[in-house]
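Since the structure comes first, as structure tokens, the remarks are kept for the end.
Quick note: the coordinates plus some simple rules give every number you see, no bench work behind them. Keep in mind that what you see is a predicted model, and the values were worked out from it rather than measured. So basically every Cβ, Gly included, is an ideal-geometry build from the backbone, and we count neighbours across all protein chains shown.
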Amino acid sequence: MQLKEENFPLTVKDHLVSNEEFTLVYDGKNKMLVTKPHPEGSKLIQYYESDQYISHTDSKKGVVSFLYHLVKNIALKNKLNLISSLKKNAQSILDIGAGTGDFLNFVSPVFTTVIGVEPNQKARELARQKGVLLEENLKDIKEKSFDVITMWHVLEHMPNLEETIQKIETLLKPNGILLVAVPNFNSFDASYYKNYWAAFDVPRHLWHFSKTSMNNFFSSKLLLQKIRPMIFDSFYVSILSEKNKSGKLNLFKAFLVGLRSNISAWSTKEYSSLIYCYKKPK
């Protein structure tokens, strides 16, 4: 079961900050969804101002935050193992959208050069307290500098999508790898929750990708090596989606929906979130 083209346009509410409504419009050319209207500049920044936005605050309040941090260490190990399987003896890594620096802090013993980019000032300060120094933007970072570049649920936040992708491609060394994790609106949990699906997360998520759209944006200069699922995301997203829908966590129901989503994806390969692993040719 998947959302279909006739399900759009779809009206979705910002449940985190403003309670404003936005529209998801289907882009038939790229087989993706686009959030309308598109907040820009300081207006967009306002939609991140919430203590519940965990990736910028490290909040440990409440059940959702507790579960997030419980799974986080497992997820960090899985990410490092995936990188190690794709690129042996990598020396340099760039994490774009580094949040409060947990990923870079975890992998720093493995790499000689560790650099992160995070536009949110509060998140950069929390990272600094962990000993992780982050840049504010990509503009001063040299080309062909990195063996590994990662974007963990970041691409969907980028206002200038194609410009950002072009910049990222220049930063990779030949034979370097790029890992991009994004939500997948073709998953079962997306079709189940529809406009309540938490991974739509409007208007912070400006773009909503399918496998076809990711191929359209990245295939010209990078080679897709594999696509890996993020198994825990279906459960976490379902918990947040239940809260969006009913105002309650409904943990048991969310677990069942998340489990059903993963079981469905065994055959469809359309997991709640996917990691696209690319390699830059020599």
Find how much the distance from N215 to E6 grows on full extension, using 0.36 nm per residue of separation minus their present alpha carbon separation; answer in nm with one decimal.
73.0 nm
Between Q166 and S246, with labels modelled 7 Å along Cα→Cβ, what's the label distance in nm to one decimal, could you check?
4.8 nm
Only one of the listed values, (1) 17.9, 52; (2) 22.2, 70; (3) 19.2, 58, was derived from the coordinates as Rg and Dmax of the Cα atoms in Å; which label is it?
(1)
Counted neighbours (other Cβ, 10 Å), sorted fewest up, put W207, W266, W197 in the order W266, W207, W197
Can you flag which of K13/K142; K36/K72; K4/K269; K211/K280 are past 28 Å Cα-Cα?
K13/K142; K36/K72
So how far apart, in nm, are the two label points at Q91 and L44 if each is 7 Å from Cα heading toward Cβ?
3.5 nm
Under 5 Å between amide H atoms, partner at least 5 residues away or on a different chain: which partners does N120 have, H built in plane at 1.01 Å?
none
Out of S213, P281, I165 - ranked by how far each Cα lies towards the positive end of the dipole of the chain, with unit charges on the beta-carbon of charged residues - the top one is P281
Distance in nm between pseudo-label sites at R128 and V17 (7 Å out along the Cβ direction from Cα)
2.2 nm
For the range 107-179, just say rounded, prolate or oblate: build the C-alpha gyration tensor, square-root its eigenvalues into a ≥ b ≥ c, call rounded for a/c under 1.5, and beyond that prolate if a/b exceeds b/c, oblate if not.
oblate
Give the separation of the Cα centroids, the range 250-282 to the range 107-125, in Å.
27 Å
Using Cα pairs closer than 8 Å and at least 6 residues apart in sequence, work out the relative contact order for the range 5-279, in percent.
19 percent
